[in-house]
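The values are calculated or read from the model by the stated rules, or taken from the named source; none is laboratory data. Note that the coordinates shown come from a computational prediction; the quantities given were computed from them, not determined experimentally. Methodologically, a virtual Cβ is constructed for each residue, glycine included, from the backbone with ideal geometry; neighbour enumeration extends over all protein chains shown. Protein only, heavy atoms only, side chains kept; ligands, DNA and RNA dropped before computing areas. Shrake-Rupley method; radii C 1.70, N 1.55, O 1.52, S 1.80 Å.
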Amino acid sequence: MLRQRDYSLLGKDGERAVEMGLAAADWYLSEVPRSELKSLMRRSDRIAIRDTLLWLGGLILFAGIGIALWPSIWSAPFWLAYGVLYGSAGDSRWHEAGHGTAFSTQWMNEVVYQLGSFMMMRNPTAWRWSHIRHHTDTIIVGRDPEIAVMRPPDAIRICLNLLAIPNAVQSFTRMGYHVTGRLHPEEATYVPEQEWNKVILESRIWCVIYALTIAATLWWSTLLPLMVIGLPSIYGAWHHILTGVLQHAALAEDVLDHRLNTRTFYTNPITRFVYWNMNYHVEHHMFPMVPYHALPRLHALIRDDLPEPDKSMWHAYRQVLPVLIRQLRGEDVFLVRELPDSAQPYRAELHNMI
Amino acid sequence: MAEWVEACAAEDIEAEDLIRFDHGDFTYAIYRSPNDRFYCTDGLCTHEQVHLADGLVMDNIIECPKHNGRFDYRTGKARGAPACVDLNVYPTKVENGRVFIQI
Ligand code: FES
């Protein structure tokens with residue numbers, strides 16, 4: 001039988017997690033010699049600028065062709081490509097720049113972070129703190145605000161998520177709070193008070209941008225302005241949802257070892273470019289200071305201490321979907337990832353917990 | 001009354017790096033800057049009490065390994081979210097190749 005869980009940050013499972021010592025706890029770390037780790041943690045403006053120019057160049061190119069061919073059906077593939085770079089690559093840029101690990105020059109991280117936040121409709125300040133909590137309390141029920149697939153899974157929500165509908169609804173609801181000078185009660189649990197004014201100001205600026213975009217759409221009686229700003233967060237979200245769901249879905253909850261609750265999978269170079277190597281997700285959670293471009297190297301270094309990665313997204317979904325279906329039927333099941341013989345075993349106390 | 005405590009050999013710390021130093025009930029972080037100066041701060045991040053010794057020194061900044069919070073280790077000033085509260089800093093001196101901190 002599936003234990004009823006309360007995923008809200010204000011509920012009893014959050015209190016339970018604190019009582020059990022699961023909040024802000026010590027997590028398992030694979031051993032990496034300090035000298036290796038230092039070299040892995042090094043940032044590189046050169047690599048991040050190259051990749052950012054490719055990304056921005058792709059956005060301009062595909063939007064340009066899409067506009068030129070509009071409203072012909074031949075514009076569709078270009079909007080598809082533009083949408084993925086906006087509504088999915090925007091997510092990975094938001095994420096990496098938010099960690100401050102993409103560029104060695106901090107203002108560049110900040111610029112890309114603001115841009116990615118806008119593309120993903122995530123208030124930059126509120127989401128910075130939300131993601132910090134996700135790293136402190138990864139998949140701890142009642143503590144982690146970024147649990148994408150809960151138990152039992154909400155199948156309708158997951159499908160709607162492919163079009164980022166719940167995200168857009170949540171974003172605009174929260175923006176409503178912010179423009180009226182308030183924070184949503186859940187946000188107030190993780191955003192420190194001295195940051196609240198920033199949250200409110202950012203949302204007010206965004207409101208003006210969206211209002212101008214809608215005004216342009218109405219004025220010129222064409223959907224084009226919204227095709228460029230706003231709608232791609234929705235029609236381009238599918239890629240980041242398909243990759244993002246795999247980060248933790250169907251794995252353990254309430255454990256303190258990322259090998260148990262986080263997934264690494266191999267994938268093709270295009271997905272890795274869009275996703276900025278976040279398919280190496282166990283590695284990222286264990287060592288969030290390692291920039292995206294060094295994750296394959298980190299993976300090679302610690303792979304003997306990690307569960308075997310899924311060979312592809314398809315392979316991963318073939319493991320995940322049956323478990324989600326069983327959870328939907330009310331079974332309290334999840335995947336326990338097998339460790340190779342070379343790995344440090346899961347700590348016994350973690351096994352007892354799950 | 002503050003006292004000078006011998007913490008480590010200067011050569012124990014690479015340039016642009018840090019080490020952890022425990023003394024009594026406290027833990028400290030001792031830094032060697034790129035221009036070979038030594039600094040000392042509290043050893044735990046003010047955000048969530050994580051050891052800074054596992055972090056990365058970049059120029060005059062120490063970045064926390066947990067959430068990438070940043071501090072200027074010369075002054076202890078918090079320089080980037082989620083680090084909001086400054087670190088305490090402690091004077092250092094080097095004598096005969098040994099690093100001392102005043103605590
Ligand atoms: S523990 Fe140091 S930044 Fe969070």
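Quick notes
- Flag for A:SER39 being within 12 Å of another protein chain (Cβ to nearest Cβ), hydroxyl-bearing (Ser, Thr, Tyr) and surrounded by fewer than 16 Cβ atoms within 10 Å (Cβ to Cβ): yes
- Residue list for the range A:168-202, restricted to those being charged (D, E, K, R), at pLDDT 90 or above and surrounded by 15 or more Cβ atoms within 10 Å (Cβ to Cβ): A:ARG174, A:ARG182, A:GLU187, A:GLU195, A:LYS198, A:GLU202
- Residues of the range A:101-137 that turn out to be under 19 Å from A:VAL290 (Cβ atoms), within 16 Å of the ligand (Cβ to nearest atom) and touching a residue at least 40 places away in the same chain (Cβ under 8 Å), as a count: 4
- The condition (being away from every other protein chain (no Cβ under 14 Å) and over 24 Å from the mean Cα position of the chain (by Cα)) is satisfied by just one residue among A:ILE47, A:ILE65: A:ILE65.
- The one condition in (1) open to solvent by 30 Å² or more (accessible area, probe 1.4 Å); (2) touching a helix residue (DSSP H, G or I) at 6+ places or on another chain (Cβ under 7 Å); (3) among the aromatic types (Phe, Trp, Tyr); (4) closer than 30 Å to A:VAL290 by Cβ that A:TRP70 fails to fulfil: (4)
- Against the test of being under 30 Å from A:THR105 (Cβ atoms) and assigned to a helix (DSSP H, G or I), the options A:ARG272, A:ARG259 yield a single qualifying residue, A:ARG272.
- Within this structure, B:THR75 fails the test of being closer than 27 Å to A:PHE287 by Cβ and either within 16 Å of the ligand (Cβ to nearest atom) or open to solvent by 20 Å² or more (accessible area, probe 1.4 Å) (or both).
- Residues in the range B:78-102 that are among the aliphatic types (A, V, I, L, M), open to solvent by less than 40 Å² (accessible area, probe 1.4 Å) and farther than 22 Å from A:TYR190 by Cβ: B:LEU87, B:VAL99, B:ILE101.
- A residue that is free of Cβ contacts under 8 Å to residues at least 24 places away in the same chain, more than 14 Å from every other protein chain (Cβ to nearest Cβ) and surrounded by fewer than 22 Cβ atoms within 10 Å (Cβ to Cβ) occurs nowhere in the range B:42-59.
- The range A:148-167: number of residues that are crowded, with 18+ Cβ neighbours inside 10 Å and more than 23 Å from A:ARG5 (Cβ to Cβ): 1
- No other residue among B:TYR39, B:TYR28 is among the hydroxyl-bearing types (Ser, Thr, Tyr), more than 12 Å from the ligand (Cβ to nearest atom) and in contact (Cβ under 8 Å) with a residue 60 or more places away in the chain apart from B:TYR28.
- Entirely in the range A:90-202, the helices (runs of 4 or more DSSP H) that have 3 or more residues that are touching a helix residue (DSSP H, G or I) at 6+ places or on another chain (Cβ under 7 Å) and more than 14 Å from chain B (Cβ to nearest Cβ): A:106-119, A:155-161, A:165-179
- Selection count where residues are within 11 Å of chain A (Cβ to nearest Cβ) and under 25 Å from B:TRP4 (Cα atoms), scope the range B:77-103: 0
- Qualifying position, being within 12 Å of chain A (Cβ to nearest Cβ) and either within 23 Å of A:THR105 (Cβ to Cβ) or not in a strand (DSSP E or B) (or both), among B:ALA2, B:ALA15: B:ALA15
- Looking across the range B:48-63, just one residue is near the ligand (Cβ under 8 Å from one of its atoms), part of a loop (DSSP other than H, G, I, E, B) and touching a Ser or Thr at 6+ places or on another chain (Cβ under 9 Å), and that is B:GLU48.
- Among the residues of the range B:63-76, those identified as more than 11 Å from chain A (Cβ to nearest Cβ) and in contact with a Leu (Cβ under 8 Å, 6 or more places away or on another chain) are B:PHE71, B:TYR73, B:GLY76.
- Of the residues making up the range A:278-313, those that are touching a residue at least 40 places away in the same chain (Cβ under 8 Å) and either at positive phi or among the basic types (Lys, Arg) (or both) number 2.
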